[in-house]
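Colleague: After the structure tokens below, expect a handful of questions from me.
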Amino acid sequence: MGVEKRFFSFRNCYHVMILGISGSPRAKTTEYVLREALKKLEERGFETAFFSVRGRKIGFCNHCDYCLKKKGCVIQDDMQELHPLLRDAEGIVIASPVYNGGISAQTKAVMDRTRALVASDPDVFRGKVGMAVAVGGDRAGGQELAIQQMMTFYTLNGVLTLSGGFFGANIGATFWSKDTMEGVMADEEGFRSLRKTVKRFAEFLQGRGSSASV
């Protein structure tokens, strides 16, 4: 399963690549919500790339320090496909299902395995913009805790984290799926939080582009 890249050309288009990472091992609610987020960004003129952990081999970081002593990661797997996308992206959207009150093991593995990328270039993430999406089966299943984990990853690596702001999306987009596709599609508050977060995320990147062209 390859990386999907899409670009919609509008009058006001932005040559900025947004990378969406689905941390779910299934093609279910988390992937659906992430694709909806990327679609909204495409409608605003952004290029997007979609990467899913589903069906991929991404091992856990061994903290062996190989990447500090030599170039690259000692573990050669599908993470090698994600590294150049992370390097090229100006915006990152991480979406994770909520497992046991936090992010999925697959999402955590992706975060940990960026160590080799950072070792090769300590500023690789500096100045990028990030947003987080969490999808939980329960109303209070740990969505905010999952988002905080993603925000911590962003903060540690110099990524500017954006939420949708007060009244509905204080720290990002959260969904209550009731463990069904029908449940997530019917979550009006979840989609309101997604619209607010995408709007602020896009407007920030658009503003940055306008400032750079002055």
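Each value in this text was obtained by applying a stated rule to the coordinates, not by laboratory testing. On a predicted model such as this, the values are computed, not experimentally measured, just so you know. Note that we place each Cβ from the backbone using ideal geometry, even for glycine, and neighbour counts take in every protein chain shown.
Colleague: With Cα Rg over 2.2 N^0.38 Å defined as stated, name the option among (i) 2.31; (ii) 0.91; (iii) 0.98 computed from the structure displayed.
Modeller: Computed from the coordinates, Cα Rg over 2.2 N^0.38 Å corresponds to (iii).
Colleague: Another question, then. Need one number: % antiparallel among DSSP beta bridges in the chain, to the nearest 5.
Modeller: Antiparallel: roughly 20 percent of the beta bridges in the chain.
Colleague: Only helical DSSP H runs with n ≥ 4 go in: add -39500 (n - 2.57) per run for the chain, normalise by residue count and round the 222 nm mean residue ellipticity to 500 deg cm²/dmol.
Modeller: -12500 deg cm²/dmol
Colleague: If you put +1 on each Lys and Arg Cβ and -1 on each Asp and Glu Cβ, how big is the dipole of the chain around its Cα centre, in Debye rounded to 20?
Modeller: Approximately 280 debye in magnitude.
Colleague: Just report the Cα centroid separation between the range 146-164 and the range 26-99, whole Å.
Modeller: Comparing the Cα centres of the range 146-164 and the range 26-99, I get a distance of 15 Å.
Colleague: Turning to a different aspect of this structure: Which entries in the list 57/128; 40/108; 128/199 go over 20 Å, if you measure between the two C-alpha atoms of each? Mind showing how you got there, number by number?
Modeller: Working: 57/128 26 Å; 40/108 26 Å; 128/199 17 Å.
Pairs exceeding 20 Å: 57/128; 40/108.
Colleague: Using θ = phi - 60° and the Karplus curve 6.51 cos²θ - 1.76 cosθ + 1.60, what whole-Hz ³J(HN,Hα) does each residue of the range 45-54 get, with Gly and Pro shown as x?
Modeller: Karplus values, whole Hz, x for Gly and Pro: x, 8, 7, 10, 9, 10, 10, 10, 6, 4.
Colleague: Per residue of the range 61-68, what does 6.51 cos²θ - 1.76 cosθ + 1.60 with θ = phi - 60° give for ³J(HN,Hα)? Whole Hz please, x for Gly and Pro, Karplus curve as stated.
Modeller: Taking θ as phi minus 60°, the curve returns 5, 8, 6, 8, 6, 4, 5, 7 Hz for the range 61-68.
Colleague: Moving on to the next point. Return the sequence-ordered ³J(HN,Hα) values of the range 91-102 in whole Hz as given by the Karplus equation 6.51 cos²θ - 1.76 cosθ + 1.60 applied to θ = phi - 60°, using x for Gly and Pro.
Modeller: Calculated HN-Hα couplings, in order: x, 10, 10, 9, 10, 10, x, 9, 10, 6, x, x Hz.
Colleague: Over the range 14-208, what relative contact order in percent results from Cα pairs under 8 Å that are six or more residues apart? Walk me through the numbers before you get to the answer.
Modeller: Numbers: 396 pairs, mean separation 41.0, N = 195.
Normalised by residue count, the contact order of the range 14-208 is 21 percent.
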